[in-house]
Amino acid sequence: MEFKILGKENDIALIITDEIIIKDAQSALDLIATVQYETDCDKIIIYKSCVTEDFFILSTGIAGEILQKFINYRKKIAIVGDYSRYTSKPLKDFIYESNKGNSIYFVTSLEEALLKLDSAQ
């Protein structure tokens, strides 16, 4: 796993890897700790391909457990990917509501992730 530091304040860590690194709440905590230690960034950009597919099946409860860790530790995250293939109304509502907040974003491009996280307080 590599990191690229981005953002106006150099406070955004882009995660560069081909592996699925967010699988459950513990792996999310491990990522938060690693990013904090390695980069001192409070904002994270990760590609959807690095998140377990079970995350997007809301009935598993994994999404809530994982995102609660980011909120508890006051980290902001943008997950970059194509969400158009998902037809679940609850998932679409979840993504919509998350994007209205200021901690968790589901975006389609790196540029959009940077815009959201640079403007997040």
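Sort through 12, 57, 22 and tell me the only one that's β-branched (Val, Ile, Thr) and either without any contact (Cβ under 8 Å) to a residue 12 or more places away in the chain or closer than 19 Å to residue 93 by Cβ (or both).
Result of the check over 12, 57, 22: 57.
Please find, within the stretch 4-31, the residue that is farthest from the chain's Cα centre (by Cα) out of those that are surrounded by 18 or more Cβ atoms within 10 Å (Cβ to Cβ) and assigned to a strand (DSSP E or B).
6
Exactly one condition in (1) more than 14 Å from the chain's Cα centre (by Cα); (2) of a type in the set (Val, Ile, Thr); (3) at pLDDT 95 or above; (4) not in a helix (DSSP H, G or I) is false for residue 87; which is it?
Among (1) more than 14 Å from the chain's Cα centre (by Cα); (2) of a type in the set (Val, Ile, Thr); (3) at pLDDT 95 or above; (4) not in a helix (DSSP H, G or I), residue 87 violates only (3).
Of all residues in the stretch 70-92, which are free of Cβ contacts under 8 Å to residues at least 12 places away in the same chain, surrounded by 10 or more Cβ atoms within 10 Å (Cβ to Cβ) and among the basic types (Lys, Arg)?
Passing the criteria: only 92.
With (1) more than 22 Å from residue 8 (Cα to Cα); (2) β-branched (Val, Ile, Thr); (3) surrounded by fewer than 17 Cβ atoms within 10 Å (Cβ to Cβ) as the list, and residue 34 as the residue in question, which single condition is left unmet?
With respect to (1) more than 22 Å from residue 8 (Cα to Cα); (2) β-branched (Val, Ile, Thr); (3) surrounded by fewer than 17 Cβ atoms within 10 Å (Cβ to Cβ), residue 34 is out only on (1).
Can you tell me how many residues in the stretch 45-94 are in contact with a Phe, Trp or Tyr (Cβ under 8 Å, 6 or more places away or on another chain) and of a type in the set (A, V, I, L, M, F, W, C)?
Total meeting the criteria: 10.
Would you check which residues across the stretch 100-111 are over 19 Å from residue 61 (Cα atoms) and either touching a strand residue (DSSP E or B) at 6+ places or on another chain (Cβ under 8 Å) or small (Gly, Ala, Ser) (or both) and list them?
Answer for the stretch 100-111, where residues must be over 19 Å from residue 61 (Cα atoms) and either touching a strand residue (DSSP E or B) at 6+ places or on another chain (Cβ under 8 Å) or small (Gly, Ala, Ser) (or both): 101, 102, 107, 108, 109, 110.
The values are calculated or read from the model by the stated rules, or taken from the named source; none is laboratory data. Small disclaimer: the values here were computed from a predicted structure and weren't measured. A quick note on method: Cβ atoms are made from the backbone with ideal geometry, for glycine too, and the neighbour counts reach across all protein chains shown.
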